[in-house]
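What follows is a short report on a single structure.
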Amino acid sequence: MTGWVPKRFWKEARAVAEGPGFAVRLDDRPVRTPAKALLVVPTAELAGAIAAEWNAQDKIITPEAMPMTRSANAAIDKVAPNIAGVVAEIAGYGATDHLCYRAEAPGDLVARQVDAWDPLVAWAEATHGARLTVTTGVMHVAQPSDSVQRLRQAVAGLGPFTLTALHDLVALSGSLIIGLRALHADADIDGLWQVSRIDEDWQAEKWGQDDEAAATAAEKRRAFNHAARFHRLVNFTAS
């Protein structure tokens with residue numbers, strides 16, 4: 001006996017205006033989230049990307065091949081009803097941002113961290129007024145309370161769709177600073193991912209990397225890039 005599998009039943013998926021936002025229809029049926037809410041997103045561009053995912057489905061629906069749909073579902077079903085909790089989780093990284101914890105040795109790793117991480121720490125101060133303390137080793141160092149609060153305020157001002165993207169950008173990189181920097185239109189997303197991986201890449205260069213670790217790193221990189229693209233579509237404005 002085989003389990004039930006969802007099958008394609010529609011001919012065309014398309015983005016349509018829905019109040020102040022945009023929805024996706026499968027022929028004449030609106031797409032709904034797993035919690036049965038109407039899937040309404042902020043921009044036509046994001047709705048179009050979601051519609052393209054549904055149009056790309058073959059006879060059997062493959063949710064893993066629909067990352068934009070999954071992120072929109074998360075924004076509506078999970079983040080929007082729990083804004084305060086999500087803000088607290090994301091902002092919590094500001095007190096322990098891994099860019100503030102540096103190696104004591106060897107010299108080449110120390111130099112890489114300084115070159116890549118110091119500009120981002122300086123950016124956090126210049127952009128958000130958050131002056132952070134940098135230390136060596138892994139022992140916790142308390143950050144200035146006003147700096148932590150300013151980073152929290154930067155997170156608290158975001159809507160549920162942007163928070164959904166930021167949550168993944170921060171969790172995957174381990175850095176609130178990297179996540180916030182990735183939200184800016186001029187951000188180098190590939191460069192930010194590489195910055196987040198300095199320690200791991202250095203270890204792999206010295207000792208080698210096994211296939212499983214490489215596969216995990218590649219999957220995380222794809223997820224990071226997806227979160228950045230989701231954010232761009234959420235905040236798309238015609239140039």
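Bear in mind these aren't lab numbers, they're just calculated from the coordinates by the rules spelled out. All figures in this text were calculated on a predicted structure; none of them were measured in a lab. FYI the Cβ positions are ideal-geometry reconstructions off the backbone, even for glycines, and counts take in every protein chain you see.
Below, the figures for the structure above:
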item: Partners for Lys59 among lysines (Cα-Cα distance below 21 Å; same-chain residues under 8 apart left out); result: Lys7, Lys11
item: Within the chain, longest stretch clear of exposed GluC sites (Glu not before Pro) (DSSP loop, no more than 15 other Cβ within 10 Å); result: 105-239
item: Space enclosed by the convex hull of the alpha-carbon atoms of segment 82-234, per residue, Å³; result: 112 Å³
item: Exposed-site-free run, longest, the chain (rule: chymotrypsin sites (Phe, Trp or Tyr not before Pro); DSSP loop; at most 15 other C-beta within 10 Å); result: 11-235
item: Cα-based shape type of segment 1-109, given that a ≥ b ≥ c are square roots of the gyration tensor eigenvalues and the cut on a/c is 1.5; result: prolate
item: Percentage relative contact order, segment 82-234, counting C-alpha pairs under 8 Å, at least six apart; result: 28 percent
item: Cut-off 16 Å, label 7 Å out along Cα→Cβ of Glu104, residues of segment 129-159 by amide N; result: 135-141
item: Inter-label distance for Thr127 and Ile60, nm, one decimal - labels placed 7 Å from Cα along Cα-to-Cβ; result: 4.3 nm
item: Lysines with Cα under 25 Å of Lys78, excluding same-chain neighbours fewer than 8 positions away; result: Lys36, Lys220
item: Computed [θ] at 222 nm, helices only, for the chain once each DSSP H run of length n ≥ 4 contributes -39500 (n - 2.57); result: -16500 deg cm²/dmol
item: Dipole magnitude (debye, nearest 20) for the chain, charges at Cβ of Lys, Arg, Asp, Glu; result: 1040 debye
